Structures are given as C-alpha cells and as structure tokens.
Amino acid sequence: MNKPVFNRQLERLVTGIDTQDGAGVSLVRVLTNDLQRRLDPFLMLDNFHSDKPEDYLAGFPDHPHRGFETVTYMLAGRMRHRDNAGNEGLLQAGGVQWMTAGSGLVHSELPEQEDGLMSGFQLWLNLASGDKMVAPSYRDLQAGEIPQVSPQPGVKVKVIAGSAFGTAGAVQRPHTEPLYLDVQLESGQQLDLPIPAGHNAFLYVFEGGLSIGADSRSAPAGRMAILSNVADAAGVSLQAQGNSRFLLIAGKPLNEPIAQWGPFVMNTREQVEQAIQDFRDGKI
C-alpha cells in the first residue's frame, strides 16, 4: 500500500480584520466574504478574545439565520443561547454549540459573566441546496463530550467534527464532511496531519507558531494559513515553533452558488429576498 502524501503547502497567510458585531462585541473576522469561494463550504470565522467586559458584555441579542450552520467553540467564558422555538442552552469553556439554522430561527447569544476572559470562535458552515430549508436544530456539547486523542508524545488533538487518528469526532455531517480539530503541539514537535483529499482546508494559529510543509513556511499566532488543495494530498506536515495551539478546519466543497445578505445564505437572490420577507412577516 502506498504511503499517504502529506504534501499540502502554505498557499497564503491571512490577517483577520478587527471589527464589531452583535450589539458591539469586539472580534477579529478571520474568514471574510472574499474567501468564501476559495474555502467553500466555509462562510465565515470569527475569533473573540478579551478580558475587558466592555468588549463582550452586550453580546448578540435576537437576530435571524437561514441556510447554514453555526459552530461556536468556547475556550473561556460562558454564553447563554436562546431561540424563538423555546430552546435554551449554556455554552461553557471547552464546549461547542453546533446549530443548524436551516429554514430559519431567531436566537440570542449573551455572555453569562460580568468580568474575566471571554474567548472562542464562531464558524459559519454552508448547507447544501437540498438542506437549506431543513428544520432548525442545535446541540450543546460540553468539554467532556468532545473526544481527545494523543497520536504521539507532545501532541493533543480534540476532535470536534469528522475523524482524526482513528478517533471519530463529536459531530458528523453529510455533504460537507467537515473536519474540525483543536491541536496542541509541544515546542519542536513534528506532526503529519491527515486531511481528506479534495477538502478545502485552513489552519488558524492562536498560540505559538507553526512551520508548514516541505518549505517550512511560518504561520505565527493570529494568522490564518490557507493550505493548498492538490488532488493527491493526504494532509500536511507541521512543526511547532514553541508550544503551539491551532484549529484545523477542512470541508468538502459544495460547488454551489452563494447568495448572501447578512444572516441569510441561500443559492439565489430570489431565495434571499424570500428569507428577508419571511423574517419581516414573522415566519422566521
């Protein structure tokens, strides 16, 4: 049997944009609209990280979604979720909320603390055209429900979605087949990280730094590294520059049209206009 080829390279480094969302939450928008086609099926990635209450206390009051999934991963702090269907949950440090907006819902995400560090990520994952109008749903996964694996000394991997190193993640999804990993490498550790061939993939380094690929290009903390997507690639080779931690996010492209207006992501302008009208009419 031929050995896997870990030949993905660092295609491009991206610096996020400082912005505000919700009722004034300060965050860094890492994956912006101009990268949606290149990183299909992913639509957005935000990183929020602050110990200043004024940066996050206002939270994200009631707002609608339709046509995609949101994945919120908390590193520190607590966030209360409520929606217009009566669902409610508390997302705590180390936990994940995986919400399928589908045909539409209105929800709020509000911090349940008045001081201390609030840190985490929200990823938007597109839905295939045939799934955009499915009934809304969500799962709260606390830290203990997310599988962890140590494939070699000095390496720890939390498998949020997909499968890695023989370990199935907490969430599996058809069509987009997402892989979502939180990886920690001790200083100097090398890792061959499998990624399904054909998946678009990127890394987001939030501690330390990485050397990526055969040419050892560097990705420092606070940068997104878009990985090349070549037909025969089974993954990427990495080496930690100091104690490092990063997200690896990959997914199978949908190769479908994207029509977006704020919190509505459909395939055509007419579908987006219908979503706006449905929201105005109280049908979302």
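The values are calculated or read from the model by the stated rules, or taken from the named source; none is laboratory data. Being a predicted model, the structure only gives us computed values, none of them experimental. Heads up, the Cβs are rebuilt from the backbone with ideal geometry, glycines too, and the neighbour counts pull from every protein chain shown. Note: areas computed on protein heavy atoms with side chains; ligands, DNA, RNA excluded. Shrake-Rupley method; radii C 1.70, N 1.55, O 1.52, S 1.80 Å.
Looking at this structure, is L127 surrounded by 22 or more Cβ atoms within 10 Å (Cβ to Cβ), under 21 Å from S50 (Cβ atoms) and at pLDDT 95 or above? In short, no.
Here the stretch 158-172 is the region considered, the condition is being in contact (Cβ under 8 Å) with a residue 40 or more places away in the chain and surrounded by fewer than 22 Cβ atoms within 10 Å (Cβ to Cβ), and the residue that is farthest from N229 (Cα to Cα) is A170. Of all the criteria given as (1) open to solvent by 10 Å² or more (accessible area, probe 1.4 Å); (2) at pLDDT 95 or above; (3) closer than 30 Å to E270 by Cβ, the one not satisfied by N47 is (3).
Let's see how each residue does on (1) hydroxyl-bearing (S, T, Y); (2) over 23 Å from T32 (Cβ atoms):
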| residue | (1), (2) |
| --- | --- |
| T176 | yes, no |
| L185 | no, yes |
| F206 | no, no |
| A214 | no, yes |
| P220 | no, no |
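A count restricted to the stretch 26-39 and to residues that are out of contact with any strand residue (DSSP E or B) (no Cβ under 6 Å at 6 or more places or on another chain) and either under 29 Å from Q239 (Cβ atoms) or surrounded by 15 or more Cβ atoms within 10 Å (Cβ to Cβ) (or both) stands at 3.
Among the residues here, E69 qualifies as part of a strand (DSSP E or B), more than 30 Å from D215 (Cβ to Cβ), among the charged types (D, E, K, R) and at pLDDT 95 or above. Taken residue by residue, the stretch 220-236 has at least one member that is free of Cβ contacts under 8 Å to residues at least 40 places away in the same chain and crowded, with 16+ Cβ neighbours inside 10 Å. Number of residues in the stretch 50-64 that are closer than 17 Å to D18 by Cβ, open to solvent by 40 Å² or more (accessible area, probe 1.4 Å) and part of a loop (DSSP other than H, G, I, E, B) equals 3.
Could you tell me whether any residue of the stretch 143-152 is part of a loop (DSSP other than H, G, I, E, B), touching a residue at least 60 places away in the same chain (Cβ under 8 Å) and within 18 Å of L91 (Cα to Cα)? Looking for residues that are part of a loop (DSSP other than H, G, I, E, B), touching a residue at least 60 places away in the same chain (Cβ under 8 Å) and within 18 Å of L91 (Cα to Cα), one finds none in the stretch 143-152, hence no. Within the set D18, D34, D51, the sole residue that is out of contact with any Phe, Trp or Tyr (no Cβ under 7 Å at 6 or more places or on another chain) and touching a residue at least 60 places away in the same chain (Cβ under 8 Å) turns out to be D51.
Here is a yes/no grid of residues against (1) part of a loop (DSSP other than H, G, I, E, B); (2) open to solvent by 10 Å² or more (accessible area, probe 1.4 Å); (3) among the aromatic types (F, W, Y):
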site: G116; (1), (2), (3): yes, yes, no
site: Q122; (1), (2), (3): no, yes, no
site: M133; (1), (2), (3): yes, yes, no
site: Y138; (1), (2), (3): no, yes, yes
site: K156; (1), (2), (3): no, yes, no
site: T176; (1), (2), (3): yes, no, no
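Selection within the stretch 190-214: residues that are among the aliphatic types (A, V, I, L, M), farther than 17 Å from K158 by Cα and free of Cβ contacts under 8 Å to residues at least 60 places away in the same chain. The member of this set that is least open to solvent (accessible area, probe 1.4 Å) is L210.
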